[in-house]
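Scroll down for the structure; my scribbles are underneath it.
The values are calculated or read from the model by the stated rules, or taken from the named source; none is laboratory data. Predicted, not measured: the structure shown is a model, and the values here were computed from it. Every residue, glycine among them, receives a Cβ derived from its backbone with ideal geometry; neighbour counts consider all protein chains shown. Ligands, DNA and RNA are stripped out before the accessible areas are found, and what is left, the full protein with its side chains, is counted by its heavy atoms. Shrake-Rupley method; radii C 1.70, N 1.55, O 1.52, S 1.80 Å.
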Amino acid sequence: MATSSSSRTATTLSFPRFLRVGSGALDDIGAVLTDLDVRRPLVVTDAFLVSTGAAGRMMDLVAAAGMDGALFSDTVPDPTTDSLTAAVEAAAAHDADVVIGFGGGSPMDTAKAVSVLVRGGGRMNDYRAPGPYTGPALPIVAVPTTAGSGSEATQFTVITDSATDEKMLCPGLSFLPIAAVVDPDLTVSMPARLSADTGVDALTHAIEAYVSAKNNPIADALALNAMRTIGRYLLRVYRDGEDREARGAMMVAATQAGMAFSNSSVCLVHGMSRPIGGNFHVAHGLSNAMLLPAVTRFSVSGAEARYAECARQLGAAAAGDDDSVAAAQLVTYLEQLCADVEVPTPSSHGIDRAEWDRLIPTMAQQALASGSPNNNPVVPTAEQIEDLYREVF
């Protein structure tokens, strides 16, 4: 007997058209562009990757494939609406037919924004959540150089409003890369601090994807596998950046976690993290890490069985442990992990207490406005978010 369409809800899942994954994958960038039938890529990167020679290598590979490439390297950490102006102008001047986001989350977020603004017009504020935007955009190829943001596989970009310092979440299929090149060799030079922050960022993506109210079986599988890998390898890359096995594993886990949360959404950690980044210019992965243990403790009662499973995948609890025991062990595990990788508090990071306290009500409202807290197992009030900000300081 046919099932009535009114009795079930279909889940829509979205992924890049294809990925090239593994050591040396960057060498295939020319083949990727050829497969996409594009000719005029704009490579969006940052000054650091120019200084290391990585951007030059990218441009050489593009040229060797017979492409007419242009380079934009003036991206900034946590890109702003003001910082996008020159990038959009560069894409228009080059008559780009594809944008390559090459770097960490900030160059990839910039590339995504450029792809939409060049074709869609207007201002970035026009594309903010709830959205989503599914209109005209240049195709995006993402080439991550950190193992954390997962932006290479997500239908989101985050841009700070220069006028208000608010980090705007901008969702929609038009922000989803058409292809990604995931090469762990590009992460070997990452310093320990960045390895830690991006690794905890990926873990946050996996946990929040799994406990989100929008969870689904396919995102669950990606999130759980990412957790298993991160539990095994995060401390290894933090302690030894030359550990190629661990680098490769973390790169895959970050992409899996990105795919997971892109298809089930994030929750309260991210809702609270963006205002910290926007108001105090703290890197996204680090602000997530500052919040993860406390927000998890606040949230476990709303999805005890799911948090317990997170603990088991991470090796923080045994298969036979009761859910209540395992969920509690997850909080302890996260506290110890953040201590092991020396995650600072906002206070020890140098944030002024008076300014933090002054902005708590504003940050709480910004967190709620993002929509992410509504996916949390325990949906918080503004007052509860304010209390959590005070707790983590």
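Quick rundown of the values:
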quantity	calculated
Which listed residue is over 22 Å from S372 (Cβ atoms) and polar (S, T, N, Q), from S265, S195	S195
Residue count for segment 314-330, restricted to those that are of a type in the set (A, V, I, L, M, F, W, C) and either at positive phi or in contact (Cβ under 8 Å) with a residue 24 or more places away in the chain (or both)	5
Qualifying residue in segment 119-136 (condition: in contact with a helix residue (DSSP H, G or I) (Cβ under 6 Å, 6 or more places away or on another chain), over 18 Å from A283 (Cα atoms) and of a type in the set (S, T, N, Q))	yes
Given (1) outside any helix (DSSP H, G or I); (2) touching a helix residue (DSSP H, G or I) at 6+ places or on another chain (Cβ under 7 Å), number of the condition A163 does not satisfy	(2)
Top-ranked residue of segment 91-114 - restricted to ones that are over 18 Å from the mean Cα position of the chain (by Cα) and crowded, with 20+ Cβ neighbours inside 10 Å, ranked as farthest from K167 (Cα to Cα)	A96
L33 more than 23 Å from the chain's Cα centre (by Cα) and either surrounded by fewer than 24 Cβ atoms within 10 Å (Cβ to Cβ) or among the aromatic types (F, W, Y) (or both)	no
Any hit, segment 139-154, residues being of a type in the set (D, E, K, R) and farther than 22 Å from S14 by Cα	no
Counted residues, segment 171-189 - those being open to solvent by 10 Å² or more (accessible area, probe 1.4 Å), touching a Ser or Thr at 6+ places or on another chain (Cβ under 8 Å) and assigned to a loop (DSSP other than H, G, I, E, B)	2
Subset tally (residues that are open to solvent by less than 60 Å² (accessible area, probe 1.4 Å) and either among the aliphatic types (A, V, I, L, M) or at negative phi (or both)) for segment 57-76	12
From R128, R119, residue being free of Cβ contacts under 8 Å to residues at least 40 places away in the same chain, touching a Leu at 6+ places or on another chain (Cβ under 8 Å), open to solvent by 50 Å² or more (accessible area, probe 1.4 Å) and farther than 25 Å from L186 by Cα	R119
Residues (part of a helix (DSSP H, G or I), open to solvent by 10 Å² or more (accessible area, probe 1.4 Å) and touching a residue at least 12 places away in the same chain (Cβ under 8 Å)) located in segment 212-228	I218, D220, L222, L224, N225, R228
Residue check, V378 on the phi < 0 side of the Ramachandran plot, in contact with a Gly (Cβ under 8 Å, 6 or more places away or on another chain) and not in a helix (DSSP H, G or I)	yes
Single match in A196, A192, A142 (criterion: touching a helix residue (DSSP H, G or I) at 6+ places or on another chain (Cβ under 9 Å), surrounded by fewer than 24 Cβ atoms within 10 Å (Cβ to Cβ) and within 20 Å of G285 (Cβ to Cβ))	A192
Selection within segment 144-155 - among the hydroxyl-bearing types (S, T, Y), assigned to a loop (DSSP other than H, G, I, E, B) and closer than 20 Å to V266 by Cβ	T146, S149, T154
Pair list, Cβ < 7 Å and 6+ apart or interchain, from segment 336-357 residues that are without any contact (Cβ under 8 Å) to a residue 60 or more places away in the chain and of a type outside the set (A, V, I, L, M, F, W, C) to residues that are open to solvent by less than 70 Å² (accessible area, probe 1.4 Å) and not in a helix (DSSP H, G or I)	T345/F393; S347/F393; R353/S347; R353/F393
